[in-house]
Structure formats: C-alpha cells, structure tokens
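Everything on this sheet refers to the single structure shown next.
Just so you know, all these numbers are worked out from the coordinates, no wet-lab data involved. All of these numbers come straight from a predicted model, not from anything done at the bench. Note that we place each Cβ from the backbone using ideal geometry, even for glycine, and neighbour counts take in every protein chain shown.
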Amino acid sequence: MSSRDGSAGGAAATARWTGMRGLAQVPSYVILQPTTLCNLDCAYCYLPFRAADRRMPVEVAAAVAATVNKWAERAPRYSVVWHGGEPLTAGRAGLAALMAPFRGVEHHVQTNATLIDDDWCDFFTAHGVRVGVSIDGPSDLTGQRVDRGGRPAYDRIMRGIAALRRRAIPFAALCVVTEPRPGLAVRLYDFFLELGCYALGINVEEHEGVNTRSTAYPEQSVRAFWAELAGAWRAAPRIELREIEWALRYAGATLAGAADELLPRQHDPVPTIGYDGRVVLLSPELAGFTDPGYGDFASGNVRETPLYEIVAAAAAHPGGWVAEYLAGVEACRTSCPYFGFCGGAHAANRYFEHGRFDGTETDHCRNSKIRLLEGVLDHAGAN
C-alpha cells in the first residue's frame, strides 16, 4: 500500500511503533444490545434483525454485570454502551431493569433520538446516562434515515435533540457520510456547530452486514473531504472532532519521534453482548451473523460462562476467526506504511469485504484511515 503523495506515506512510514499484538484480558468498555429492534430502516444499516423485537432478559445483563462491576472497581471510569437496534425501543422500564445490576459504571446510549422526550430526559438524568445521537447533517444529508414506511426521520430526530438542549443534557453526535466529496465538509461542520453537540464522530459509509452497497469512493474526493473538514475544524475548534484530532495528534507525534507511545500494545477485545447473551469480540458488526465456516462468531455465552473467562480464554488462546484476524493484522504490519496510524483493518470490514479475516486493505482502510491522514496532511501542508 502506498501513497500517491509521498508526504503522507513518508510520515506514516517513519513511525517506530510496532503495533498491537494479541488481545487484552480486560476491555476498556463493553457493548450491550438491549434489543434488536430499530424503529428506523436506514438505507445503509448493517443490522440483520432490526425489524424484530428480540429483547435482552435481565438475567443476561446481570451475568455481564457480575464481571463488569469488578472491572469497574479497578478503573478510574468504565463504560457500558447500550447499542441496538435502537436501545430506546426497549422502553424506560426495560432499560432501567437492564442497567440496575451494574455498579460504578458510566452508561452510554447511542440513539437515533426519534423517541427522546422529556420523560426520556428525566431518565437520562436520573441514571447518569451519556447520550450519543446519530444524525447525518441537514435534512437532505440525513435523507437515508427513514422509518419503515419510507418517511424521513429528520424532523423527529431534531425534536429529540431539541428536548436534550431544552433540558441542558450534553450529547455527542455520530454522522454517516455517504459519498464523501469536496464542498461537503464545511457544510457538515457548520451544521454540527449549530446543533450544539460537544463531540462529533464521522463514519464514512461502510460495506458491512446487510449493507452491500459499494463504498469504493474516488480517492481524491475522499482525501479532499478530510482536508476540508480539517480546515473547518481548525477555523472553529469548538467540537471534539474524533477523526481529525487523532490524525493531527498522530502526525505531530510522528514528527516528534513519539508515535510509538500513542496506541496500546494489545487489541481491546470490545465484547459485544447480544440480546441472548452471546459474546462477539473485536467487532460489534459481526453480532447476529453466521457463516458456514466460522459459525456465529461468538466466543461464548454469559449465560453459561462468566464474561471475564470468555475474554481471558480468547486472549490466552485465540482460535478460529480471531486467530485468523490476528494473522491479518500481522500481514498489515509487514506490508502497510500506514500501520502505525491504523493498527490493522477492523475485523468486520475484513470479513464483509473479503469473506475472510486475514486479508489486508479494505475500503474502510482507504476511506477512513489512509485518505483521512493524507487529507489532514494536505491541509497542514497547504497552511
């Protein structure tokens, strides 16, 4: 893998960092799926069962909490992320019952905001829930977020956000960008500045799960999008902009000869616990899928085995698709000049794009890692 502009490839290649090896035995956070149901039907969604209401029993949440509460005792902060489906379709009473077994953790929900009202705001405040809202920008850019009748969800999303703002509840935003191109980034950034979120993450649409649309976007368009976004943020850095801040931090550390210290030495296992208790490591996007060769991708079930044992066993003796993925990471390490920035393609992107876990470069690498770093360096070089 090489850059068409030597500045980006050169900066990445000079990093001394040797990268992550193996899995950590204690994850930095866990993801729980309170329900598979989503009340929207977004065009790019990867979830296979979002029309079915399969809810997590309290016994599953309690089994997870038995491990997580101990992990949280040894951490300054520990996050439990509720992510569906749409987690709010589980209802306030249902979500409260699932949260009840946890102690000493910080709860997060990632929501499409369409169900948020004053009662939900009371719930967030009472339970100390940190809120992330999924919205893709102005109404035309959020046009692929529709309900099951094909009706745009934008107005309902904005009503939910208005409730958060009225109640002074801080929120982060997550934006999916389809067809990144020049001229789009400034408009997006201005929108989110006005929206009032404190942090923003940009996800370029990915080919994964049931979303099989092509994401082979033109290289120069993607690179120009990131360069423009870097410029917009630097002109008004009032939002924590995840991708741009990380790229700038990496570039600065590389120039200072300190990039070796940025990334962890082991992969965060990121356990995702499905509604039925099955535990999928590394990539939440694999939950709910099965493959003739790989099975259901689960490393165990918390109804049968404590979560800490599932994670520790996978860390000590990775097998199956996890071992294949780690082999793919090693292939990236030896072949890609951007490895110090990326750390290796995500497991789900490898699988859904290549049908295997030991492949290397993916569209996600190109769109959200390589072109990101190149675009940020393009902006820095022009200024």
**OP:** Take the alpha carbon atoms of segment 25-317, find their radius of gyration, then divide it by 2.2 N^0.38 Å using N residues; give the quotient.
**Re:** 1.02
**OP:** Determine, for Y275, Y29, the number of other Cβ atoms within 10 Å of each Cβ, and report the residues in order from fewest to most.
**Re:** Y29, Y275
Original post:
Between M158 and A312, what is the label-to-label distance in nm when each label sits 7 Å out along the Cα-to-Cβ direction?
Top reply: 5.3
**OP:** Hey, can you grab everything whose amide H is under 5 Å from the amide H of H107? Only 5+ residues off in sequence or another chain; H modelled, so Pro and N-termini drop out.
**Re:** V80, R130
Subject >> In range of the label at L255: residues from segment 342-366 whose backbone nitrogen is under 14 Å from the point 7 Å along Cα→Cβ >> reply: none
Original post:
Got a sec to turn the phi values of segment 366-379 into Karplus ³J(HN,Hα) couplings, 6.51 cos²θ - 1.76 cosθ + 1.60 with θ = phi - 60°, whole Hz, x for Gly and Pro?
Top reply: 5, 6, 10, 10, 5, 5, 4, 4, 4, x, 5, 5, 4, 5
Original post:
Which whole-Hz couplings ³J(HN,Hα) result when phi for each residue of segment 54-67 is put into the Karplus expression 6.51 cos²θ - 1.76 cosθ + 1.60, θ = phi - 60°, listed in order with x for Gly and Pro?
Top reply: 9, 9, 6, x, 4, 4, 5, 4, 5, 5, 5, 4, 4, 8
**OP:** Return the calculated 222 nm mean residue ellipticity for the chain, to the nearest 500 deg cm²/dmol, obtained by summing -39500 (n - 2.57) across DSSP H runs with n ≥ 4 and dividing by the residue count.
**Re:** -11500 deg cm²/dmol
**OP:** Starting with the fewest neighbours, write out W246, W71 ranked by other beta-carbon atoms found within 10 Å of each beta-carbon.
**Re:** W246, W71
**OP:** Kindly state, to the nearest 0.05, the FRET efficiency for L193 paired with Q220, given R0 = 30 Å and r defined as their beta-carbon distance.
**Re:** 0.70
Original post:
For the residue pair D117 and A93, what label-to-label distance in nm results when each label sits 7 Å from Cα along the Cα-to-beta-carbon direction?
Top reply: 1.6
Original post:
Antiparallel as a % of all DSSP beta bridges within the chain, to the nearest 5?
Top reply: 25
Subject >> Extension gain from Q266 to A235, taking 0.36 nm per residue of separation minus the Cα-Cα distance >> reply: 7.6 nm
Original post:
Given C-alpha coordinates of segment 27-121, what is the ratio Rg to Rh with the Kirkwood estimate of Rh?
Top reply: 0.98
Original post:
With springs only between Cα atoms under 10 Å, which of L373, L98, L255 fluctuates most in a Gaussian network model of the chain?
Top reply: L255
